[in-house]
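Read the structure below first, then the notes.
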Amino acid sequence: MANPLLDHASPGDLADRGQTFETEGKIQDFKRLLEIVEADLAEVPAQLVPAQWRMAPVGIKLDFSWADSKKEFPALTGQVTANIAALCQRCLEPCEIAVETELKMVLVKESPRLKAAETAFSEFEVWELAEDTIRPLDIVEEALIMALPLSPLHSSRDLCGQLADDVVQEKSGTARPFADLKSQMGK
Ligand SMILES: [Zn+2]
């Protein structure tokens with residue numbers, strides 16, 4: 001079955017159609033996210049890694065519209081939720097982190113219009129697009145990656161593995177894949 005999240009479309013067309021998506025994906029649909037999590041879990045003994053983490057559901061709600069009455073600035077609002085496997089920074093065993101991120105963005109192609117968009121739509125995040133078209137799935141993936149915590153932890157210390165007491169001092173100052181990624185994105 002064709003997945004419209006994978007189709008390239010211009011944000012203006014999506015806004016004109018009032019395109020909405022309410023669907024469920026899986027972690028494995030997101031290639032870059034998959035690579036990040038795999039890198040994070042690479043050092044973990046295989047028997048500790050949750051077998052089905054790639055199949056965990058990703059809840060996707062997207063709503064395209066125009067941010068302005070002149071229909072110059074396409075807007076995207078929505079919500080993305082997922083439970084993502086990660087390496088707990090307290091015990092160095094896999095944990096599952098609940099990621100929930102709200103989207104409220106204006107999609108802008110031409111750089112000269114970026115400033116105008118930032119001024120006019122201060123309540124929106126302004127996303128600069130490299131291409132004339134977007135794949136909604138790519139925006140969902142970017143939002144998920146941006147929402148990953150720098151220091152994932154088991155939700156309760158009671159869930160941590162036995163290393164928890166030793167790790168805290170030993171690991172401080174160690175670079176992590178998520179941290180590297182976020183600093184690269186800022187450039
Ligand atoms: Zn832990």
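Here are the numbers:
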item	result
Qualifying positions in the stretch 90-100 - within 9 Å of the ligand (Cβ to nearest atom) and in contact with a strand residue (DSSP E or B) (Cβ under 9 Å, 6 or more places away or on another chain)	Glu93, Pro94, Cys95
Scope the stretch 130-149; condition touching a residue at least 12 places away in the same chain (Cβ under 8 Å), more than 15 Å from the ligand (Cβ to nearest atom) and either touching a strand residue (DSSP E or B) at 6+ places or on another chain (Cβ under 6 Å) or not charged (D, E, K, R) (or both); matching residues	Thr133, Ile134, Pro136, Leu137, Ile139, Val140, Ala143, Leu144, Ile145, Met146, Ala147, Leu148
Failed criterion for Asp40 (all others in (1) surrounded by fewer than 18 Cβ atoms within 10 Å (Cβ to Cβ); (2) under 19 Å from the mean Cα position of the chain (by Cα); (3) modelled with pLDDT under 95 hold)	(1)
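The values are calculated or read from the model by the stated rules, or taken from the named source; none is laboratory data. As the structure is a computational prediction, the values presented were derived from the model and not from experiment. So basically every Cβ, Gly included, is an ideal-geometry build from the backbone, and we count neighbours across all protein chains shown.
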